[in-house]
Each structure stands twice: as structure tokens, then as C-alpha cells.
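The values are calculated or read from the model by the stated rules, or taken from the named source; none is laboratory data. This one's a predicted model, so the numbers in the text were calculated from it and none came from an experiment. We place every Cβ from the backbone using ideal geometry, glycine too, and count neighbours over all the protein chains shown.
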Amino acid sequence: MKLRIILAFFLALATCSLHAQLRYGFKTGLNFARIDGPAETDASGNVLETYKNTTGFHIGMTLGHRFTDNFGVRGEFLYSKKGMKYTFDGPSYRIFRYDGGTTTTTGNVKYLININNSYIDIPVMAYLRWRDFEISGGGYVGFLIQSTG
């Protein structure tokens, strides 16, 4: 419900021309996200896990308000894809549960997992311009809407 309210707010502001300082537009680009963690090793110190980055994308709309020629605020509403490829190759175990008890087996396994996450990202930034130089800062909130792996 909150997501619908935020979307309706951005769409309403984008369609209204409140005054000349309000600017809106379209944004698209690539994501180079990194997901990482401590790698598991075997008794010899060999690394059993690897993480590889995948390239994603983002697409959405922007809305900005210029207070002066050099200062303003910009908000964005973006659909974003991020992910990684995870590989495990080494010794492992499995536990099989059934009505009469459990059985544990051991052996070598190889897992290859492609993780793809979809987000709705809403960054809000203040920016300051000086000639051809711009500095911006702010925060954002992201909502995970789908994850496959």
C-alpha cells in the first residue's frame, strides 16, 4: 500500500507543472553490485566458495526541484536488478529425514547458484553545483520485490 502511495505521489508531481524550477525526466543505466562474504575453506586452506558479480540495470523517473541556480533536491523512483553467481565445490554432507529417523551422507558437491534480486529504489539527494562541478549526497530506501536463486 505504501508503495502505491509513493508511486502515485511521484506520478502526480511529474504530470503537474508547479513552476519553472521543477524538473522531471527519465533515467536508465547499469548496476555493478557486489555481494560478498567470508569464503569457506577446507582443512588444507583451499577456498571452496567463489562469488562473481553480475551486471544489472535500473530504469525509472527523476523529479527535481531547483531552489537556486546552484542548489536543489532530486528524487528518483527506480526499478533495479542486482545479483551474483555463487559457486561451492568441495566436501559437504546431507541430512535425509524420514518417519523412522534420519540418515546423514557425506561426499563432494558442486553448487552453482545464480541470484537475481529486483528492487524498487527511492533515492533522495541534495545537490550543489559550482560551474561544471556537482556534488550530491543523500539517502535512499530500497524495497526487495523479487528474489530468485
Might you let me know whether the stretch 88-111 holds any residue that is surrounded by 11 or more Cβ atoms within 10 Å (Cβ to Cβ) and closer than 27 Å to Phe26 by Cα? no
Which listed residue, of Arg4, Arg66, is among the charged types (D, E, K, R) and either modelled with pLDDT under 85 or under 22 Å from the mean Cα position of the chain (by Cα) (or both): Arg4
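With the structure loaded, tell me whether Ser80 is over 30 Å from the mean Cα position of the chain (by Cα) and in contact (Cβ under 8 Å) with a residue 12 or more places away in the chain or whether it fails that test.
Numbers: over 30 Å from the mean Cα position of the chain (by Cα): no; in contact (Cβ under 8 Å) with a residue 12 or more places away in the chain: yes.
The answer is no for Ser80.
Scan the stretch 97-110 and give yes if some residue there is part of a strand (DSSP E or B), of a type in the set (Phe, Trp, Tyr), over 30 Å from Gln21 (Cβ atoms) and within 26 Å of the chain's Cα centre (by Cα), otherwise no. Full working, then the answer.
Going through the stretch 97-110, the residues part of a strand (DSSP E or B) turn out to be 97-98, 101-110.
With of a type in the set (Phe, Trp, Tyr) added as a condition, the list becomes 98.
So of that shortlist, the ones also over 30 Å from Gln21 (Cβ atoms) come out as 98.
Next cut, within 26 Å of the chain's Cα centre (by Cα) only: none.
There is no residue in the stretch 97-110 that is part of a strand (DSSP E or B), of a type in the set (Phe, Trp, Tyr), over 30 Å from Gln21 (Cβ atoms) and within 26 Å of the chain's Cα centre (by Cα).
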